[in-house]
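Working notes, structure below.
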Amino acid sequence: MTRDTACCFAADLGGTKLAAAMADARGRIVAELTEPTDPRGGAYVAEQIAACADKLAQAAGIELTRPVHVMVGVPGAIDPRTGRVSQSPNIAGFEDFDVLGYLRGRFGPDVSIENDVNLAMLGEQALGCASGCHNAAFLALGTGVGLGLLINDKLFRGASGAAGEIADLPFARDPTSQIQSTFELEVGSLAIVDRYRRQGGSGAVTVRDIFRLLEQGDEVAASVLDTTARWVALAVVTLQSLLDLELIVFGGSIGVRPELYERVRKALPALFSRPITIAPSQLGDRAGLIGAVCAAAHALRQNPEPAH
């Protein structure tokens, strides 16, 4: 298998959707697909990932008779010592299943798994708005929240692989109060819808509904997004004060919406003395898959003859 004919397989696993692609050593995608994530979770999802590789290889006319380089993005923290996944509540049984071991048994030793938001950060650096950046972050805002960190041109994962797991970042409405909230409980999609209802809004079941109502001049929707943006701005300022980033990319189904990030951008000068650059993801919901392809292709170029 030569450098030109070798292939890599990349996948971006989400709680509801699995995107996968087959690419060459230059990262050019030759086949891709998207399908719903198997709701049974655990081993069934791992088998689904392997089945996607078979489907893509067949579509691209590639014989998977030898090990291939594989990169799979997963929603959760990956312990660098064990390869086990934690903090992955949206996929049933995933934390109890050795997904890395299963995939290596299926594809050979050249398999890696990585946090999905970390891969989205790599995708934006390679082909998106973070091109040329060496210190940046990808802030994913949607059903949940996550953060991918690029420090000195390398992903920063932390001691146990949990760097960027900011859902539990505490926020106190009053420093003297014992009542605290967390970042996800203030800015996740469920929190936004709940805030809208608590403020007397009606007609919204999802955050998408709230954005639609905002376009129609709904004052409660505007107030809810103003409040959400202030919480996000506080997190952005915290990140910037600690890490001095060139750029913070906003992604996820909520983060990419200009109705939110423009509010955040306008709130920042009052909270921080130095300029902070934020921008919406250019790759959108493909950022994680593109990052996985780039990482797998890079590994393939480094070692075009996979280990046995």
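Assorted remarks:
- Taking each DSSP H run with n ≥ 4 as -39500 (n - 2.57) and averaging over every residue of the chain yields -12000 deg cm²/dmol at 222 nm.
- The C-alpha atoms of the chain define a longest principal axis, and helix 189-198 lies at about 20 degrees to it.
- Dipole size of region 33-105 about its Cα centre, with +1 on Lys/Arg Cβ and -1 on Asp/Glu Cβ: approximately 180 debye, rounded to the nearest 20.
- Taken per residue, the accessible surface of region 149-308 reaches 52 Å², heavy atoms only and a 1.4 Å probe.
- Between Asp96 and Gln302, the modelled label-to-label distance comes to 3.4 nm, taking each label 7 Å out from Cα in the direction of the beta carbon.
- Per-residue extension of 0.36 nm, minus the Cα-Cα distance of Leu190 and Gln58, leaves a gain of 43.5 nm for this segment.
- Placing Tyr261, Tyr196, Tyr44 in order of accessible area, with the largest value first and a 1.4 Å probe, yields Tyr44, Tyr261, Tyr196.
- Basic side chains Lys and Arg get +1 at the Cβ, acidic Asp and Glu get -1 at the Cβ, and with that the dipole of the chain about its Cα centre reaches some 300 debye.
- Taking a sphere under 10 Å around the Cβ of Gln48 and counting the other residues whose Cβ falls inside, with K and R at +1 and D and E at -1, yields a net charge of -2.
- Largest-first ordering by accessible area, 1.4 Å probe, given options Ser281, Ser241: Ser241, Ser281
- Summing charges over neighbours of Glu215, with a neighbour being any other residue whose Cβ is under 12 Å away from its Cβ, gives 0 when K and R count +1 and D and E count -1.
- Angle in degrees between helix 287-302 and the longest Cα principal axis of the chain, rounded to the nearest 10: 40 degrees
- Calculated P(r) of region 149-296 - Cα pairs past 21 Å, %: 51 percent
- The chain, accessible surface, carbon-and-sulfur percent (1.4 angstrom probe): 51 percent
- Kirkwood Rh and Cα Rg combined as Rg/Rh, the chain: 1.00
- Working ranking of peptides 151-160, 19-28, 116-125 by packing, defined as the average number of other Cβ atoms within 10 Å per residue, highest first, is 116-125, 19-28, 151-160.
- To the nearest ten degrees, helix 116-127 and the longest principal axis of the Cα atoms of the chain are 80 degrees apart.
- When the Cα convex hull of region 109-177 is projected onto planes of every orientation, the mean area is 7.0 nm².
- Straight-distance crosslink candidates among aspartates and glutamates, where the alpha carbon sits under 20 Å from Lys55 and sequence neighbours closer than 8 are dropped: Asp12, Asp24, Glu32, Glu35, Asp38, Glu47, Glu63, Asp110
- Contact order normalised by residue count of the chain, Cα under 8 Å, 6+ apart, percent: 23 percent
- In the chain, taking the dipole from charged Cβ atoms about the Cα centre, the farthest positive-side position among Ala267, Gly93, Gly14 is held by Ala267.
The values are calculated or read from the model by the stated rules, or taken from the named source; none is laboratory data. All figures in this text were calculated on a predicted structure; none of them were measured in a lab. Please note: Cβ atoms are built from the backbone with ideal geometry, for glycine as well, and neighbour counts cover all protein chains shown. Note: accessible area is taken over every heavy atom of the protein model, side chains too, but ligands, DNA and RNA are not part of it. Shrake-Rupley method; radii C 1.70, N 1.55, O 1.52, S 1.80 Å.
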